[in-house]
1. Compute the label zone of Leu22 within the stretch 39-64: residues whose backbone N is under 12 Å from the point 7 Å along Cα-to-Cβ.
2. Using the crude model of +1 on Lys and Arg Cβ and -1 on Asp and Glu Cβ, and no other charge, please compute the dipole size for the stretch 27-73 relative to its Cα centre, in debye to 20.
3. In sequence order, what are the phi-derived ³J(HN,Hα) couplings for the stretch 36-49 according to the Karplus relation 6.51 cos²θ - 1.76 cosθ + 1.60 with θ = phi - 60°, rounded to whole Hz, with x for glycine and proline?
4. Residue by residue, what Karplus-based ³J(HN,Hα) values in Hz, rounded to whole numbers, does the stretch 10-19 have, using 6.51, -1.76 and 1.60 with θ = phi - 60° and x for Gly and Pro?
5. Relative contact order for the stretch 2-70: what is it in percent, counting Cα pairs under 8 Å that are at least 6 residues apart?
6. Quick check on the stretch 2-70: what does the Kirkwood estimate of hydrodynamic radius come out to from the alpha carbon pairs, in Å?
7. Among 26-37, 45-56, what's the highest-first ranking by average C-beta atoms within 10 angstrom per residue?
8. Using 7 Å Cα-to-Cβ label points, what is the Ala6/Arg39 separation (nm, one decimal)?
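Readers should treat all values here as calculations from the given coordinates under stated rules, not as data from a laboratory. Since this is a predicted model, take the numbers as computed values, not measurements. Every residue, glycine as well, gets a Cβ built from its backbone with ideal geometry; the counts of neighbours run over all protein chains shown.
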Amino acid sequence: MSDHDAAVVDRYLRAVQAGEALPKGRFYELELQFVTSARSFSMRNGISYGAWRDVGVDLEVLARAGLFDLDSPRPCTRARRSAFHGSRAAQHPHPVAGCEDDR
């Protein structure tokens, strides 16, 4: 799996550096692949949050990949619950302190 992750990361970083050279749909596809591979790739290779930021990876993409700056509060990535689940959600504290979605 690591060769696959490395290829995904390489393709995504090339697309980030190319800017508008790819159609939006193709870039989004690469971004989704990156999100699924980045965390394990980072852990195996010792790549920090700051290193990803230095090469231009967007904050939101890093958050979706489960990568966070240890010196900053974690952004809320919790999906809003439907009304059906609202009462159940109130029983469990929100995992991110200070999030606007606290219930």
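1. Within reach of a label on Leu22: no residues.
2. It works out to roughly 220 debye.
3. 6, 10, 4, 5, 5, 4, 4, 5, 5, 10, x, 8, 8, 4
4. Once rounded to whole Hz, the list reads 4, 4, 5, 5, 5, 5, 4, 6, 6, x.
5. Averaging sequence separation for qualifying contacts and normalising by length gives 36 percent for the stretch 2-70.
6. 12.0
7. Highest mean packing first, the order is 26-37, 45-56.
8. 2.3
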